[in-house]
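The values are calculated or read from the model by the stated rules, or taken from the named source; none is laboratory data. Just so it is clear, the model here is predicted, and its values are computed rather than measured. Cβ placement follows ideal geometry from the backbone for every residue including glycine, while neighbour counts extend to all protein chains displayed. Each accessible area value is taken on the protein alone, full model and side chains, heavy atoms only, with ligands, DNA and RNA left out. Shrake-Rupley method; radii C 1.70, N 1.55, O 1.52, S 1.80 Å.
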Amino acid sequence: MLHEMLHQLVRGGMGRAKRGLFEGKEIMFGNNVSFSKRRTRRNWKPNVQTKRLWSDTLEKRVEFRVTAHALRCINKAGGLDEFLLKSKHISPGSRPDHLKKQILAEMANDEMLRDGYTRSTE
């Protein structure tokens, strides 16, 4: 966690990535080069879509701003829950991080119920 915080301080990071799943994609900068070799500055933005994704553990849909690359990664991981648990590109305190904590809490609760533990106030 300390490593992630230091990385954010040094690297900066894209603010809007905290509100969505960008999977490491950021705005890139460069030049348009014409036939006459005149260079003009430009930028390339990530391909971001607003999607509603299903969480198996929470049994509800969650709306996120997602890059096309992140959608492919979610498919490959086997769903939103598995992706959030495996991803290295989730910044602490972000919306995906909050959802990841909810999923972990729900999984722990399900495990306790499966093992036969009950909450008692003894």
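Conditions (1) surrounded by 11 or more Cβ atoms within 10 Å (Cβ to Cβ); (2) in contact with a Lys or Arg (Cβ under 8 Å, 6 or more places away or on another chain); (3) assigned to a loop (DSSP other than H, G, I, E, B), marked per residue:
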{"residue": "25", "(1), (2), (3)": "yes, no, yes"}
{"residue": "41", "(1), (2), (3)": "no, no, no"}
{"residue": "52", "(1), (2), (3)": "no, yes, no"}
{"residue": "65", "(1), (2), (3)": "yes, yes, no"}
{"residue": "93", "(1), (2), (3)": "no, yes, yes"}
{"residue": "99", "(1), (2), (3)": "yes, no, no"}
{"residue": "103", "(1), (2), (3)": "yes, no, no"}
{"residue": "107", "(1), (2), (3)": "yes, no, no"}
{"residue": "110", "(1), (2), (3)": "yes, no, no"}
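How many of the residues making up the range 67-89 are open to solvent by 20 Å² or more (accessible area, probe 1.4 Å) and either basic (Lys, Arg) or assigned to a helix (DSSP H, G or I) (or both)?
Total satisfying the criteria: 12.
Does the range 27-37 contain any residue that is assigned to a strand (DSSP E or B) and either surrounded by 15 or more Cβ atoms within 10 Å (Cβ to Cβ) or polar (S, T, N, Q) (or both)? Let's see the steps before the verdict.
Filtering the range 27-37 for residues assigned to a strand (DSSP E or B) gives 28-33.
Subsequent filtering for residues that are either surrounded by 15 or more Cβ atoms within 10 Å (Cβ to Cβ) or polar (S, T, N, Q) (or both) retains 31-32.
Yes, the conditions are met somewhere in the range 27-37.
With respect to the numbered conditions (1) closer than 30 Å to residue 31 by Cβ; (2) open to solvent by less than 20 Å² (accessible area, probe 1.4 Å), which one is the sole condition not fulfilled by residue 47?
(2)
Between a first residue in the range 36-63 that is in contact (Cβ under 8 Å) with a residue 12 or more places away in the chain and over 27 Å from residue 104 (Cα atoms) and a second residue that is open to solvent by 90 Å² or more (accessible area, probe 1.4 Å) and polar (S, T, N, Q), which pairs have beta carbons less than 9 Å apart while being 6 or more apart in sequence or on different chains?
none
Just to be sure before I move on: is residue 113 of a type in the set (A, V, I, L, M) and in contact with a helix residue (DSSP H, G or I) (Cβ under 8 Å, 6 or more places away or on another chain) in the structure I sent?
Working: of a type in the set (A, V, I, L, M): yes; in contact with a helix residue (DSSP H, G or I) (Cβ under 8 Å, 6 or more places away or on another chain): no.
Answer is no for this residue.
Scan the range 53-70 and give yes if some residue there is over 13 Å from residue 25 (Cα atoms) and among the hydroxyl-bearing types (Ser, Thr, Tyr), otherwise no. Let's see the steps before the verdict.
Here is the first cut: in the range 53-70, the ones over 13 Å from residue 25 (Cα atoms) are 53-64.
Retained after the next criterion (residues that are among the hydroxyl-bearing types (Ser, Thr, Tyr)): 55, 57.
Yes, the range 53-70 contains at least one residue that is over 13 Å from residue 25 (Cα atoms) and among the hydroxyl-bearing types (Ser, Thr, Tyr).
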